[in-house]
Amino acid sequence: MRAKLISLFSISVLSLLMTAMVFGQTGGSISGNVKDAAGSVVPGAIVKVVSVATGTERTATASTDGYYSIKQLAPGIYKVTVTHDGFKTSIIESIELGAEQSRTADIALEIGSVDVTVDVTSSDISAATIDQSSNRLGVNISAREVNELPVNGRNYSQLYVNAPGATNTGTGNFGDLRFNGRANQQNQTKLDGIEATAIFDSSPGYVTVQGSQFRLQTSIENIQEFRVDSSNYPAEYGTGTGGQINVIGKSGSNDFRGSLFYYVRNDVFDARNFFDAAEPSPLRLNQFGGSFGGPIIKNRLFFFGSYEGLRQRAGINVIESTLSGVARDFVNFYGTGDARGEAARALLGISATDATSGLARIQALRATGVINAFPVGFGPNLGIGSVTNVAQTVQVNRSAELDEDAFSFRMDYKFNDKFNLYGLYQRNRGDLLSPDGASGRFVSASQSPDNFVVSLSQIYGTSIVNETKFGFNRAPTDLTTVVPEISGLSGFDLTRTSLRLTGSIVSPGVNGGSATGFTEPGGLTRQSSAANGRAQPIRPTSFSYIDNLSWTKGNHSFKFGGEFRQLLVNFDQLGGITYSYGNVTDFLLNRNLTAAFIGDLSLPGDFSVATDPITTISRPFTGLSQGRQYYAIGYAQDEWRVKPNIVLSYGLRYEYYSVNREKDDRAVVFD
């Protein structure tokens, strides 16, 4: 059991024109002061905010010091109307509100009849990307930026780098972004308030240590805008100390709107890469799709749907070292009476004593035929360590295939001015086949994430807004390998083994498994921080039950809420045997071999513990392991507007994480 208690306390001294910020899980706020022409406050003024797109109305009454605040507003364009007896009606025709953003709209009323309208011209109607009304560090990525900024592959994660403190450590995919030096595992991504990670990892599209391979977790076509907070966020945010990414999806409006798009990249437009062979690496990238939305019942029922497809065939130029023809002759012919064997020994620089004493081992290596699993190289022979003429270069240009299809559909229904309901479902299907080195092995991965949210917004009076949400997030993932057919193998199942000549057990990746440049035959690939395997199915699901209540009381903007999140992760790991030689010489003489065996998690078996005497633990279970955990989260926060230019922000958050357990208590525990 572990719990986290986070206390947030900050004081922001703001300019005279700035007012309190109200933070929403998925909504922003419009607030300000109502005064007369002489600068005196106008308490009791009625402020009405109307969505230009959907006609949704919200109202607030100015407090005794003329202050008003309307919270939990969706991103979009709003019309603001202010009325009071004895004053002319003032109207701001257009003010743009970003995701989870606070906008200040101070109004000066003119004395006169309420039937007379005064248009107020705003010099600041576009949503500012930098939030100046609080000390939270973050940025709003507006709808215009989402639509118009060039994004390679249309992956919205590349827009994260606009946030302060963001660092791109790779290609800009989800797993490559870090904030203020924190690990990417600390990032939290939400779609309309519901968790949208891979669950077993914080990065959407994640495929074990292969990284985030899939792009269309939600299509850019489906995003209205999003906000990235990198530090100093309020108490309502948590379950991670990195970036807080909140994506707001598009919805239908009173006008029918749609789009079609097609993007293409092709190697005919590319120059030859320095490391390419005679021809450039092939590339075929096609992205296409569209969206459509509008009213079913005007001002009441709306719909929006989108689709995006991705088809990519990208050439990957792989250059590694492999065993030379001389090394092959030594293994195949030494000790057989064929002169090529003795000639190869002399060229390799292996002493006759070592070769003669190791003849039985060399013959055993020859019998497996494993030498045939190494690709044939070209060019001059190279030396490694004390052995000469043992290696050559192998260069292959293989194609990585990536197919994805992303769908989304949303419905919004307005019961009345007090109750609004929406539901959103998103699904992506991705298939990847990517080369893994020069030996002919491919990594095959598939993922079908989907995300659903239904949200009911309830307005009580002019000062209380409650938002109730339920959602689920799933990211079923399969990872396996495809191994080429190798003739001449005997008693050596390449699909369940891996062969390394560099002294390391782990395959390239993290935790010491850096690339060595020498080809590695076999059917195992990196699956975790400490293990190789041939396949890994994962079936993660999370269910979220969320409620957030916002309450404006005088100069205080309170917010209370909580979340109960259930995590269900069913998984398996299919292992294998990694054979590792200390160096190439050890391989040729078939000595100093280390074997690391990892069994299949789903198979029954006995485990022996090196105690005195030996302790044996039986595990008779089969099938997927079923991990279970839950989070219980609560928070309370307040934005206290002490003076027009002084705002006190404070809050408290509590997170309880239950113990990880196996559903049927099948975990093997020993002291």
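Report relative contact order for segment 321-398 in percent, whole number only (criteria: Cα-Cα under 8 Å, sequence separation at least 6).
Numbers: 109 pairs, mean separation 31.8, N = 78.
RCO, segment 321-398: 41 percent.
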So if I place +1 on the C-beta of Lys and Arg and -1 on the C-beta of Asp and Glu, and nothing else carries charge, what would the dipole magnitude of segment 575-671 be about its Cα centre? I want it in debye, nearest 20. 420
Given 291-298, 443-450, 247-254, the highest-first ranking by average Cβ count within 10 Å works out to 247-254, 443-450, 291-298
Under the Karplus relation 6.51 cos²θ - 1.76 cosθ + 1.60, θ = phi - 60°, what is the ordered set of whole-Hz ³J(HN,Hα) values for segment 226-231, x standing for Gly and Pro? 8, 10, 10, 9, 9, 5
Normalised by the number of residues in segment 554-671, what is the relative contact order in percent for Cα pairs under 8 Å and 6+ residues apart? 30
Could you work out the relative contact order of the chain? I mean the mean sequence separation of Cα pairs under 8 Å and 6+ apart, divided by the number of residues, in percent. 12
Positive-end residue, the chain charge dipole about Cα centroid, Cβ charges, pick of G561, I46, L601: L601
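Cross-link list K88/K250; K48/K190; K190/K469; K250/K418; K418/K553; K35/K643: which exceed 24 angstrom alpha carbon to alpha carbon?
Correct reply: K88/K250; K48/K190.
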Which semi-axes, in whole Å and largest first, does the equivalent ellipsoid of segment 272-363 have when worked out from the alpha carbon gyration tensor as the square roots of 5 times its eigenvalues? 66, 18, 9
Which shape class applies to segment 329-378: rounded if a/c is under 1.5, otherwise prolate when a/b exceeds b/c and oblate if not, where a ≥ b ≥ c are the square roots of the Cα gyration tensor eigenvalues? oblate
Would you kindly derive the ³J(HN,Hα) couplings of segment 36-52 from the backbone phi angles with the Karplus curve 6.51 cos²θ - 1.76 cosθ + 1.60 (θ = phi - 60°), listing them in order in whole Hz, with x for Gly and Pro? 8, 5, 8, x, 7, 5, 10, x, x, 5, 9, 10, 10, 10, 10, 6, 5
Determine the distance separating the Cα centre of segment 59-81 from the Cα centre of segment 581-596; give it in Å without decimals. 74
Computed Kirkwood radius, in angstrom, where 1/r is averaged over Cα pairs of segment 130-202: 13.4
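Sort largest first and round to whole Å: the equivalent ellipsoid semi-axes of segment 349-479, each the square root of five times a Cα gyration tensor eigenvalue.
Over the Cα atoms of segment 349-479, the semi-axes work out to 65, 16, 13 Å.
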Size of the dipole of the chain about the Cα centre, Lys and Arg at +1 and Asp and Glu at -1 on the beta carbon, nothing else charged, in debye to 20? 460
What value, in deg cm²/dmol to 500, does the helix sum -39500 (n - 2.57) over DSSP H runs of n ≥ 4 give at 222 nm once divided by the residues of the chain? -2000 deg cm²/dmol
If the label point is 7 Å along Cα→Cβ of A364, which residues in segment 567-597 have backbone nitrogen under 11 Å from it? 590-593
Quick one: which residues, 5 or more positions from G369 or on another chain, have an amide H under 5 Å from its amide H? H modelled 1.01 Å from N in the peptide plane, none for Pro or chain starts. S490
Please report, in debye to the nearest 20, how large the charge dipole of segment 297-353 is about its Cα centre when each Lys and Arg carries +1 at its beta carbon and each Asp and Glu carries -1 there. 680
Where the centroid of each part is defined by its Cα atoms, how far is segment 304-381 from segment 405-474 in Å? 49
Let me make sure I get this right: for segment 194-254, a, b and c are the square roots of the gyration tensor eigenvalues over alpha carbons, sorted descending. Under 1.5 in a/c it's rounded, otherwise prolate if a/b > b/c, else oblate. Which is it? oblate
What's the angle, to the nearest 10 degrees (0 to 90), between helix 359-368's Cα axis and the longest principal axis of the chain? 50
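Would you mind telling me the antiparallel percentage of the DSSP bridges in segment 138-260, rounded to 5?
80
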Can you give the log10 of the normalised intensity I(q)/I(0) at q = 0.18, 0.20 Å⁻¹, computed with Debye over equal Cα scatterers of segment 160-203? -0.51, -0.62
Add +1 for every Lys or Arg and -1 for every Asp or Glu among the other residues with Cβ under 15 Å from the Cβ of S544, and state the total. -4
Could you tell me whether the chain comes out rounded, prolate or oblate from its Cα gyration tensor? Rule is a ≥ b ≥ c as square roots of the eigenvalues, rounded for a/c under 1.5, then prolate if a/b exceeds b/c, otherwise oblate. prolate
Which angle between 0 and 90 degrees, to the nearest 10, do you get for helix 339-348 versus the longest principal axis of the chain when only C-alpha atoms count? 50
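For a quick protection proxy, order the peptides 191-202, 215-226, 375-386, 318-329 by their average other-Cβ count within 10 Å, most packed first.
215-226, 191-202, 318-329, 375-386
Please compute, over every Cα-Cα pair in segment 565-664, the percentage with a separation greater than 21 angstrom. Intermediate values should be presented prior to the final figure.
Working: 3360 of 4950 pairs.
In whole percent, the share of Cα-Cα pairs in segment 565-664 beyond 21 Å is 68.
Throughout, read-outs are computed from the coordinates displayed, never taken from laboratory work. From a predicted model like this one, the values you see are computed outputs, not experimental measurements. Ideal geometry is used to build each Cβ from the backbone, glycine not excepted, and the neighbour counts take in all protein chains shown.
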